[in-house]
1. Relative to a virtual label point 7 Å from the Cα of residue A:510 in the Cα→beta-carbon direction, which members of the range A:435-452 show backbone nitrogen distances below 17 Å?
2. To the nearest Å, what is the center-to-center distance of the range A:496-556 and the range B:73-89, using C-alpha atoms only?
3. Could you line up A:429, A:317, A:523, A:204 from fewest to most neighbouring Cβ atoms inside 10 Å?
4. Obtain the nm distance between the two label points defined at residue A:198 and residue A:139 by a simple spin-label model: each point lies 7 Å from its Cα along the Cα-to-C-beta direction.
5. Which whole-angstrom value gives the distance between the alpha carbon centres of the range A:392-465 and the range B:207-260?
6. Any idea how far apart residue B:292 and residue B:323 come out in nm if each label point goes 7 Å out from Cα toward Cβ?
7. Ignore the peptide's own chain and count Cβ atoms of other chains within 10 Å of each Cβ in B:46-53; give me the average, rounded.
8. Evaluate the Kirkwood expression for the hydrodynamic radius of chain B, namely the inverse of the mean inverse distance over all pairs of different C-alpha atoms, and round to one decimal in Å.
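What follows draws every value from the coordinates through simple rules; no lab data is involved. Note that the structure is a prediction, hence the values are computed from the model and not measured. Cβ placement follows ideal geometry from the backbone for every residue including glycine, while neighbour counts extend to all protein chains displayed.
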């Protein structure tokens, strides 16, 4: 469609734009946002996405609690977050408008489907009788509001297809996307290809694909011909390292990482889980990969899932289970079993806002202490946390490597924000990823000692059933060193407790040091972990641009910590720890290193805004 | 991972080959000893290698079982033995996995897994050592204790109606159901052999005496004097006859069963003929309770027609490989829209 891009209207170049699509949860906003992202990715922009949807699948139509949103920031520069402020919003209905308008920057673009701003719909989302926000000058004067009769225009453009009103109305999101494509000078071909592929599979309704394509084009031509928009915007491609790129979300990256890890370990993988938001996409992804020898099992409950993974590990598979906070709580006792049996187990926890059921579709980082300490007895586990959607790939491989190398459970703390968010990812060269060494002993002349130790890793041997001469029992009762026999001996128990802890600590020897971005020494170190990397890094960069002595460091390994952490912490006057919780990492850092670390905390079901974070650090500096 | 069968012939095992070097620590006189001895005696009769057995248990007195077997074993956590066993079977279907647990383990805290393991028909053998009491925690009532049972936690009598393990198993779609008695070594041994050989979930309810906290709870069925009149030995294709003089039988009366005295015109031809393939009959038999009825002993149901879960999982993998070829990770990473940056 490039030939259409030259018009009389002026074109403004921008570094980065954050767009939010919002509407009813049945309006197809996730698909629309996803398509905009794909197109921008192929165009060469850097991007980061934030899908935001309710837990209710189809909440009553037109209500505020049924609003589904998708935010994407696309840029010609290197970006790490989906953007604090929305530069352009598309609202398919008044409820979407109402819920999201406060996030739009002053002077930002707001495109609304004015046909939906009816008296009935306005009432449904709680506006007072006789009031329409579109007629409220105090409100509309803050933004550049464009009123487009998308429902009517979609119907008109598809009238001659002879299709029913319901099918036609379902194409409104593509009409909206067409407008936005025109406004931001994006090519249509990737979405057309997608629509043809996706709907083309529906053999019973082949015409659906064509209708959607037609609506998309109609929206685009509306932008071009209707002269509603005085300016078009252009965001040039970003400068990325050469290579083949794809878009990836955190949960997709976990799936690919696990498959790659199984291949690197030359070992089969069993993944057992119970459906839970926001972790279910991991089993959805793996269940499609049976031709990789991946075994997936939807268990009867969370406990069954983790126990199946542990059983599979005993028999020689890589045992993996995935869940979210409430499920991690249910798996507690079984993770303790894996600590005791000393079997490799990976537990993926895609954190969400708690406690209890909490806000299932909203993000949080409040399971750190649960992962670290939430088990009976002295029960240490390795804990890792990916820092971005694409990092979920690398850290999944790391989790498997550490579990196998040290024969112990690894808890992997992802979160809803990076699990569902997406970014561009340069597809790695798998040959650069080292193999994961798996040693299964075979029969020897001496009696087999199931709890003998590798002097380097302190791991016990991973002997698997089916091998003659290595018959042995593992159990959850305390065991005698080396033989593994049941033991209640006080000296032995003390020794074993220390051994299990030392084994986990040994992992520090094979993990990378904590890296610092910014000055080597200075006033403030922002220490983060997990999914807040994007916001903290961006805020740190901004603060340095403002002249402040601020560095950032991000932990991907939480137990054990990278070996150089204490050194790094000692080089800054103030350690500030931003977290989406009430201060969990801070508590550990304070306790372990006797440092009076300062917390920057929020629990709003959302990641940090760079603005907020910057302001709070500035306040700290002034203080 | 499957175990390749080595070319060497199957070794000849003796019961002591299956005994680990650990001292057995059950209370002297416990019914578990009898079961352990029978299991060790039975395994040498089966065409399986020692290294292919995995004994899995949960928590409880019975759950110490794996420590005493010179096989692979996992003593797991309370209630979860079947989940661990399912994971083992999933990873390596070539293994012979046996689960030994008590009534609290399998029917109370682990009840959920019992139901779901059976409906999936995972190829494992379950030995339920049912003593109708919590022994390890020193004598609280269990899910199979009788209504009104006076224990430390129920001084005025238990208000829970007991659960019927065999009826639950029938309802859960279990494909092999049997009942045995701890001290009946020949009966237990022959059923165990069949249970292990059965492809699918085999469930054996074993009446087991806890001589400390619930002594004699099964004596009506286990003692030689009373046993012929209080139990009925099931044999496929044979009429349901019982009694010291084998002069009583079980007859259908509408949809129910009734005990009849043979003679006076009633012959064996009038009696129910046991059919191990009849799930409805298995349910009806599971409802025969002492003292109204003799309690069925032996195999209630053996249905080899359903494929096992572990087999189906591996079939799907084979099918996926056949359809798509063995997965290539390089392709998988690019199995979406990609773009080049130069």
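1. A:435-441
2. 39
3. The most exposed by this proxy come first: A:204, A:429, A:523, A:317.
4. 3.0
5. One Cα centre to the other: 54 Å.
6. Distance between the two pseudo-spin positions: 5.0 nm.
7. On the way: counts 0, 0, 0, 2, 3, 9, 5, 3.
For this peptide, the per-residue mean of nearby foreign Cβ atoms is 3.
8. 21.6
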